[in-house]
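Visitor: The structure's right below; bear with me while I get my questions together.
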Amino acid sequence: MFLDTAFLKNDEISLVLEKTADADEIKGWVPSYHFAICGQNGVKMGACDLRIGHNDNTYYGGNIGYSIDKQYRGHHYAGKACLLLFELAKLHGFKYLIITCDPDNHASRKTCEYAGGELLEIAQLPENNDMRKNGETEKCIYRFVL
């Protein structure tokens with residue numbers, strides 16, 4: 001199920017596999033890869049993950065998640081990591097991916113635009129969605145054609 005990920009690098013960053021996670025059908029979680037986003041010097045600058053599959057959880061939570069440590073922000077590292085993850089997703093047969101963010105997260109919205117996403121909607125989270133436990137109520141839903 002999980003593929004080799006050694007090719008996930010460009011002239012600025014590399015995605016270093018930290019772990020994989022199997023699906024959890026009870027929670028509605030799909031299998032996932034979890035990576036460190038590293039500079040060419042090997043220093044970890046952030047993290048990202050790719051969730052393999054489509055369901056309600058990935059529609060509202062996205063197929064890709066990312067975070068960049070504060071001192072490394074402003075260089076499009078999250079967007080560049082997404083572009084690399086798109087290549088892995090294609091190997092899994094994906095035709096499109098979803099990435100979501102909070103409507104007021106302007107940096108993440110810029111990342112989605114940088115990576116070529118189309119804003120489908122600003123959706124209200126379903127009442128039973130786990131993200132509501134953190135006080136979240138809506139998400140920007142971006143679609144990426146691969």
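The values are calculated or read from the model by the stated rules, or taken from the named source; none is laboratory data. Just so you know, these numbers come straight off a predicted model, no measurement behind them. Here the Cβ positions follow ideal geometry from the backbone for every residue, glycine too, while neighbour counts run over all protein chains shown. Heads up: the accessible areas ignore ligands, DNA and RNA and are worked out on the full protein's heavy atoms, side chains in. Shrake-Rupley method; radii C 1.70, N 1.55, O 1.52, S 1.80 Å.
Visitor: Of the residues that make up region 75-97, is at least one more than 24 Å from ASN10 (Cβ to Cβ) and not in a strand (DSSP E or B)?
Guide: Looking for residues that are more than 24 Å from ASN10 (Cβ to Cβ) and not in a strand (DSSP E or B), one finds none in region 75-97, hence no.
Visitor: May I ask you to list the residues in region 60-73 that are assigned to a loop (DSSP other than H, G, I, E, B), open to solvent by 10 Å² or more (accessible area, probe 1.4 Å) and in contact with a helix residue (DSSP H, G or I) (Cβ under 9 Å, 6 or more places away or on another chain)?
Guide: Of the residues in region 60-73, the ones assigned to a loop (DSSP other than H, G, I, E, B) are 62-63, 69, 73.
Checking the rest, the ones that are also open to solvent by 10 Å² or more (accessible area, probe 1.4 Å) come to 69, 73.
ARG73 - this is the single residue of region 60-73 that is assigned to a loop (DSSP other than H, G, I, E, B), open to solvent by 10 Å² or more (accessible area, probe 1.4 Å) and in contact with a helix residue (DSSP H, G or I) (Cβ under 9 Å, 6 or more places away or on another chain).
Visitor: Same structure again: Considering region 102-137 alone, what residues qualify as being open to solvent by less than 70 Å² (accessible area, probe 1.4 Å), of a type in the set (D, E, K, R) and over 17 Å from the mean Cα position of the chain (by Cα)?
Guide: Of everything in region 102-137, those that are open to solvent by less than 70 Å² (accessible area, probe 1.4 Å), of a type in the set (D, E, K, R) and over 17 Å from the mean Cα position of the chain (by Cα) turn out to be ARG132, GLU136.
Visitor: Go through TYR33, TYR96, TYR77, TYR60 for me and flag whichever is in contact (Cβ under 8 Å) with a residue 40 or more places away in the chain, within 23 Å of THR137 (Cα to Cα) and aromatic (Phe, Trp, Tyr).
Guide: That would be TYR60, the only listed residue that is in contact (Cβ under 8 Å) with a residue 40 or more places away in the chain, within 23 Å of THR137 (Cα to Cα) and aromatic (Phe, Trp, Tyr).
Visitor: Let me ask you something else. Taking TYR142, is it more than 22 Å from LYS9 (Cα to Cα), part of a helix (DSSP H, G or I) and touching a helix residue (DSSP H, G or I) at 6+ places or on another chain (Cβ under 9 Å)?
Guide: no
Visitor: While we're here: One residue is enough: does region 114-122 have a residue meeting the conditions among the acidic types (Asp, Glu), over 22 Å from PHE7 (Cβ atoms), modelled with pLDDT of 95 or more and in a helix (DSSP H, G or I)?
Guide: The answer is no, given that none of the residues of region 114-122 is among the acidic types (Asp, Glu), over 22 Å from PHE7 (Cβ atoms), modelled with pLDDT of 95 or more and in a helix (DSSP H, G or I).
Visitor: Considering only region 1-26, state which residues are in contact (Cβ under 8 Å) with a residue 60 or more places away in the chain and in a loop (DSSP other than H, G, I, E, B).
Guide: Once the filter is applied, which keeps residues that are in contact (Cβ under 8 Å) with a residue 60 or more places away in the chain and in a loop (DSSP other than H, G, I, E, B), region 1-26 yields LEU3, THR5, PHE7, LEU8, ASN10, GLU12.
Visitor: Return a yes/no flag: does region 36-59 have any residue that is more than 23 Å from ASN128 (Cβ to Cβ), of a type in the set (Asp, Glu), over 10 Å from the mean Cα position of the chain (by Cα) and open to solvent by 50 Å² or more (accessible area, probe 1.4 Å).
Guide: Looking for residues that are more than 23 Å from ASN128 (Cβ to Cβ), of a type in the set (Asp, Glu), over 10 Å from the mean Cα position of the chain (by Cα) and open to solvent by 50 Å² or more (accessible area, probe 1.4 Å), one finds none in region 36-59, hence no.
Visitor: Follow-up question, since we're still on this one. Working only within region 11-35, note down all residues that are within 16 Å of LYS80 (Cβ to Cβ) and open to solvent by less than 50 Å² (accessible area, probe 1.4 Å).
Guide: Result: ILE13, SER14, LEU15, PHE35.
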